[in-house]
Amino acid sequence: MLLARLRRHSMAVGLVTCGVLVIALTSCQSSGTETESAKASAHRVPDAEISRNVDREWVQKATVNGLLDYWRDNAVMPNGFIQENLDRDWKPWGKQREASLNGQGRVLYSLVVGYEMSGRDERYLDAVTKAADFLMKMRDPEHGGYYNRVTPDLKVIDDTKTTFVSFVIFSLAHAYRVTNNEVYAKEAMRTYHEVLDKMRDGPFFGRGLTRDWSGPAPSPFGRMGARAMGSLPPGAQSSFARRAHGLNVHMFEAFLALYEATGSPEVWKEINTELAEMEKLFDKEKGYLPESFDENWKKLDDNVNAGHLFEWSSLISRAVELGADPKYIEMGSRNIDYGLKVAYDQEIGGLVGRTQPGEAPRMLWWPQCEVVKAAAHYAILRDREDLWPYYHKTLDLIKTHYLDTEHGGWFEMYQPGVAREKMGERAYMKGAVDGPELSPYHQISMFHDLWRITAPDYQPDHLQKK
């Protein structure tokens, strides 16, 4: 592990011109003291408690046999294009045939996890390589950056430069992590620098731009609408369409993955800078991290995306695992409490979704995944054993209503009191390019973290590096 880290640090020095390796290694230490970091990791609950609550054998089978084997065998085309629109029987669904950065990157990441959790099945490695190579062909050769959408034969559908480019950085960083192919790391770093140079929104990154980067482009959320975000409380209206500034949960996630893969000191500096800015924006009175702000960086309202509250909590915990100041855990912990307060249905056992007049709430799959992941993170690593009931209740909801035990994979949504055959045309599908974009990404993010933090030999990355 240490030799691999040294090699990655050495490569990071070459990529970002940081000088000698000794400087790179010291630069990547936590912003807090080693004692603080060690203290934060020492609170992991005993393995016996983990075993009582997390069934690692089920997690492994549900990840590989119950989900990713189907995506590997049915969604990855010979040229690496990922076919997201899939019906219950894993056949192409509808007429839409296109690759988005969002979908291609998310499924690529999922295949990487499949390679790891399958015991390094070479079929997954082949799929990873094909999908990563197709993704890199979506690069704009004239202006740089990436086209947002292309056809299976790489004809451009949408040439705007959207913040979904985060999934290029994220997925290629993970692909490098398991393949050691430096082409992927270099492309991830090049894209990271383009984001920093072109897409800055104050201390964060959230601007969608035209192909030549010369002006703003419509938000990718405008077409999909608030329902695509999936976890606003009933009656709430999305702030995404009217925000002047905002936080991007997936860009921060991408930077964490890039640092994990390369050990780049400049990426680590960016992560810590953003954490400090989040701390300033955190609503200390109500106890949550807003995402949407006006032109003066004042939060627009309290209509939060509840799924993102839990997602931010997991990412903050992951940043501390990598060596960030443990003080940020309080932000993540309070985010969870706020999400449970405003959007968790104790009777149903999950995050409620948007409703239309007279209909049952639509509970999308992905917010439930984020609840399970965050609850496990904070119960196992952050002294929040009180979250185990939410972990179990939400996981039971998932097992009962989202898993297709007959044909494999996951369904998109659940409507309490509504028979699945009456939920509409999307009731049985296994993947979708749009509205919302259904893929295995959120499920795999949940499963991978459950697998990683419950391993008997678990140690945070920042301790492994020492």
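The values are calculated or read from the model by the stated rules, or taken from the named source; none is laboratory data. If you're wondering where the values come from, they're calculated on a predicted model, not measured in any experiment. Cβ placement follows ideal geometry from the backbone for every residue including glycine, while neighbour counts extend to all protein chains displayed.
Listed here are the residues, each with its yes/no results for (1) part of a loop (DSSP other than H, G, I, E, B); (2) surrounded by 24 or more Cβ atoms within 10 Å (Cβ to Cβ); (3) out of contact with any Leu (no Cβ under 7 Å at 6 or more places or on another chain).
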{"residue": "LYS341", "(1), (2), (3)": "no, no, yes"}
{"residue": "GLY353", "(1), (2), (3)": "yes, yes, no"}
{"residue": "GLY358", "(1), (2), (3)": "yes, no, yes"}
{"residue": "GLN368", "(1), (2), (3)": "no, yes, no"}
{"residue": "ALA379", "(1), (2), (3)": "no, no, no"}
{"residue": "ASP383", "(1), (2), (3)": "yes, no, yes"}
Among SER166, SER231, SER214, SER238, the single one that is outside any helix (DSSP H, G or I), at pLDDT 80 or above and among the hydroxyl-bearing types (Ser, Thr, Tyr) is SER214
From GLY144, GLY114, GLY119, residue being under 28 Å from GLN96 (Cα atoms), part of a loop (DSSP other than H, G, I, E, B) and small (Gly, Ala, Ser): GLY144
When every residue in segment 76-87 that is out of contact with any Pro (no Cβ under 9 Å at 6 or more places or on another chain) and in a loop (DSSP other than H, G, I, E, B) is compared, the one surrounded by the fewest Cβ atoms within 10 Å (Cβ to Cβ) is PRO78
On the basis of being part of a helix (DSSP H, G or I) and surrounded by fewer than 20 Cβ atoms within 10 Å (Cβ to Cβ), does GLU253 make the cut? no
Flagged in segment 292-327 as crowded, with 19+ Cβ neighbours inside 10 Å and either of a type in the set (Phe, Trp, Tyr) or at positive phi (or both), in numbering order, are PHE293, PHE310, TRP312, GLY323
Exactly one of PRO416, PRO440, PRO389 is in contact (Cβ under 8 Å) with a residue 60 or more places away in the chain and farther than 20 Å from GLN60 by Cβ, and that residue is PRO416
Out of segment 386-427, which residues are outside any helix (DSSP H, G or I) and buried (at least 17 other Cβ atoms within 10 Å of the Cβ)? TYR402, LEU403, GLY408, GLY409, TRP410, PHE411, GLU412, MET413, TYR414, GLN415, MET423, ALA427
Matching option when the condition is at pLDDT 95 or above, polar (S, T, N, Q) and within 30 Å of ASP159 (Cα to Cα), among ASN272, ASN248: ASN248
Can you name every residue in segment 26-69 that is surrounded by fewer than 20 Cβ atoms within 10 Å (Cβ to Cβ), of a type in the set (Ser, Thr, Tyr) and either closer than 17 Å to ASP449 by Cα or at pLDDT 95 or above (or both)? SER41, SER51
For LEU154, are the conditions met, namely being surrounded by fewer than 24 Cβ atoms within 10 Å (Cβ to Cβ) and more than 25 Å from ASP201 (Cα to Cα)? yes
List every residue pair whose Cβ atoms lie under 7 Å apart, where the two residues are 6 or more positions apart in sequence or sit on different chains, the first residue falls within segment 447-464 and is over 20 Å from TYR259 (Cβ atoms), and the second residue, located anywhere, is assigned to a loop (DSSP other than H, G, I, E, B). LEU450/VAL54; THR454/VAL54
Restrict the check to segment 192-206 and report whether at least one residue is modelled with pLDDT of 95 or more, touching a His at 6+ places or on another chain (Cβ under 8 Å) and either within 22 Å of GLN368 (Cβ to Cβ) or assigned to a helix (DSSP H, G or I) (or both). no
On the phi > 0 side of the Ramachandran plot, in contact (Cβ under 8 Å) with a residue 60 or more places away in the chain, surrounded by fewer than 19 Cβ atoms within 10 Å (Cβ to Cβ) and more than 21 Å from the chain's Cα centre (by Cα) - does that describe any residue in segment 284-291? no
